[in-house]
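K.L.:
I have a structure I would like to understand better, so I am pasting it below and will then ask my questions one at a time.
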Amino acid sequence: MNILVVNWSWYPSGGDWTYVENLIKIYEEKGHHVVPFSMKDDRNFPSIYSDYFIENIDYKKVDRRSLTAGIKVVMNSIYSFEAQKNLERLLTDVTIDFAHINVIHHYITPTILKILKKRNIPIIWTFHEYTPLCPDSIFVSHGQVCERCYGGAFYNCITHSCKKGSYLASTVAALENYVHKFLNYYAYVDYYVCGSVFQYEKYKQFHFFNEKLVQIYHGYDYDAIEKATLTAKQSDEKYIVFVGRLEKIKGAHTLLKAIQTCPGIALKIVGDGTQEEELKLFKNNYQLNNVTFLGKKNKQETLQIINGAEFLICPSECYEVLGFTVVEAMALSKPVIGAAIGGIPEMVIDNYTGLLFEPGNAEQLASRIKLLYENKDLVIEMGKNAIKHINMLINNETHFKNLKKLIPSL
């Protein structure tokens, strides 16, 4: 089969790409041919179909002095005529048996759904966030979990300036949601795939095409994990690790507050983001000499760092759909101390594969860190439970079998 896989990026851009990369491998190993549809970018993996990709949209480079340029970008981010035209051209040149949609809002846009429907191409859409329900995509407003837009009341995004704290950005985001709710191209999708039970229940709670929602845990290719363990270097260094974007919603600031009371415990932080300088300033102000910022690392380097750690901290303060960093740590037989929010508790089983704590509660997090750090036997026992649990929950074969139930011809 020729399977159209659609995603805003065609390079390692985060958890959505980790999923897409595994999805491509699953389909190709089963003898299918993947046809990508994405956005042009110098970082993209090469593809013979790249001529069909839409032009790159970099919102940071938009000329804010030009009203015309601004309006054009806003229109394209909501309703992309270019994506429709390019997809029409692709579908004319290549026979597509079914489409698997991933992240398309703000760039490719849901307008492509009508093009696929017109040609009677079955559509699966795997959700990686909550954009149809929340204009800011992640149910967060000014650093706090927010569900004010329940029932399609997207104007709340404007009145509370939820998007980047900007009234203008929030207006555009709310307008986008109102447009897509009115056009209702979402109705053209055959199945919506939710990566965790939490995400599935949240979409059901908001009454988003409940009859089309299915819950299927993601797949994961564990080859990179095996490589990391085979090439691991022996070291007597003892530390714990955080891996992720340095943004408030990821909870690194809560972790630093917690580590203030753990002066003898070394913490390595892998990642970068808009909060990086603020976090480094906090470290210096409170003389947290046990904290090391390593910056962004490639996948193999990150896995090596996790593999050398006692355990991973996942202190997220938003509705995580799943979290591949947690998957990778557990696959390396590492327990995880995770915030009890979103899909995290589906992987971090309290007192079995790790420990849970209340999101944003630095004092509780500190107590969990000390408890686990000072008990090597518990680290080993939970690590064994972690790898067993995650291999059963997240794997490519099970993911494919469940997708096959949706598209029997797979």
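K.L.:
How many residues are outside any loop (DSSP other than H, G, I, E, B) and at pLDDT 95 or above when one looks only at region 228-248?
P.N.:
Matching residues across region 228-248 total 4.
K.L.:
Of everything in region 228-249, what is exposed (fewer than 13 other Cβ atoms within 10 Å of the Cβ) and either of a type in the set (S, T, Y) or closer than 30 Å to K164 by Cβ (or both)? Give them in sequence order. Steps first, please.
P.N.:
Going through region 228-249, the residues exposed (fewer than 13 other Cβ atoms within 10 Å of the Cβ) turn out to be 230-231, 233-237.
The answer is T231, S235.
K.L.:
Write out, first by first residue and then by second, each pair whose Cβ atoms fall under 6 Å of each other, whose residues are 6+ apart or on separate chains, and whose first residue, in region 175-197, is without any contact (Cβ under 8 Å) to a residue 60 or more places away in the chain and farther than 14 Å from T126 by Cβ while the second is not aliphatic (A, V, I, L, M) and not in a helix (DSSP H, G or I).
P.N.:
Filtered contacts from region 175-197: N177/P135; N177/F154; Y178/F154; K181/G152.
K.L.:
Quick one: which of K257, K204, K283 is under 30 Å from I123 (Cβ atoms) and outside any strand (DSSP E or B)?
P.N.:
Criteria check complete, one pass: K204.
K.L.:
If you take just the strands (runs of 3 or more DSSP E) that sit entirely in region 307-410, which of them hold at least 2 residues that are among the acidic types (D, E) and within 24 Å of the chain's Cα centre (by Cα)?
P.N.:
On the way: elements: 312-314, 336-339, 354-357.
Because the criterion is at least 2 residues that are among the acidic types (D, E) and within 24 Å of the chain's Cα centre (by Cα), no strands (runs of 3 or more DSSP E) in region 307-410 meet it.
K.L.:
Continuing with this model, one more query. Show the residue pairs that are 6+ apart or on different chains and have beta-carbon atoms under 6 Å apart, the first residue being within region 366-388 and under 13 Å from V336 (Cβ atoms), the second being exposed (fewer than 15 other Cβ atoms within 10 Å of the Cβ).
P.N.:
Close Cβ pairs satisfying both conditions: N385/Y352.
K.L.:
Turning to a different aspect of this structure: Starting from residues that are open to solvent by 30 Å² or more (accessible area, probe 1.4 Å) and over 19 Å from the mean Cα position of the chain (by Cα), keep the ones in region 207-227 and report whichever is modelled with the lowest pLDDT.
P.N.:
Across region 207-227, the extreme among qualifying residues is K227.
K.L.:
Is it the case that region 298-310 has a residue that's charged (D, E, K, R), farther than 18 Å from A252 by Cβ, at pLDDT below 95 and open to solvent by 50 Å² or more (accessible area, probe 1.4 Å)?
P.N.:
So far as region 298-310 goes, yes, one or more of its residues are charged (D, E, K, R), farther than 18 Å from A252 by Cβ, at pLDDT below 95 and open to solvent by 50 Å² or more (accessible area, probe 1.4 Å).
K.L.:
Now, a different point. Among the residues of region 1-16, write down those that are open to solvent by 10 Å² or more (accessible area, probe 1.4 Å) and of a type outside the set (D, E). I'd like the intermediate steps shown before the answer.
P.N.:
We begin by selecting, within region 1-16, every residue open to solvent by 10 Å² or more (accessible area, probe 1.4 Å); these are 1-2, 8, 10-16.
Selection gives M1, N2, W8, W10, Y11, P12, S13, G14, G15.
Conditions tested, residue by residue: (1) under 21 Å from the mean Cα position of the chain (by Cα); (2) at positive phi; (3) modelled with pLDDT of 95 or more.
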position: T95; (1), (2), (3): no, no, yes
position: I108; (1), (2), (3): yes, no, yes
position: A173; (1), (2), (3): yes, no, no
position: G195; (1), (2), (3): yes, no, yes
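K.L.:
Follow-up question, since we're still on this one. Is there any pair linking a residue in region 70-86 that is farther than 20 Å from K118 by Cβ and open to solvent by 20 Å² or more (accessible area, probe 1.4 Å) to one that is at pLDDT 90 or above and of a type in the set (G, A, S), with Cβ under 9 Å and at least six apart or on different chains, and which?
P.N.:
N76/A83
The values are calculated or read from the model by the stated rules, or taken from the named source; none is laboratory data. Computed from a prediction, not measured in an experiment: that's the story for all the values here. A quick note on method: Cβ atoms are made from the backbone with ideal geometry, for glycine too, and the neighbour counts reach across all protein chains shown. Accessible surface areas use protein heavy atoms only, side chains included; no ligands, DNA or RNA. Shrake-Rupley method; radii C 1.70, N 1.55, O 1.52, S 1.80 Å.
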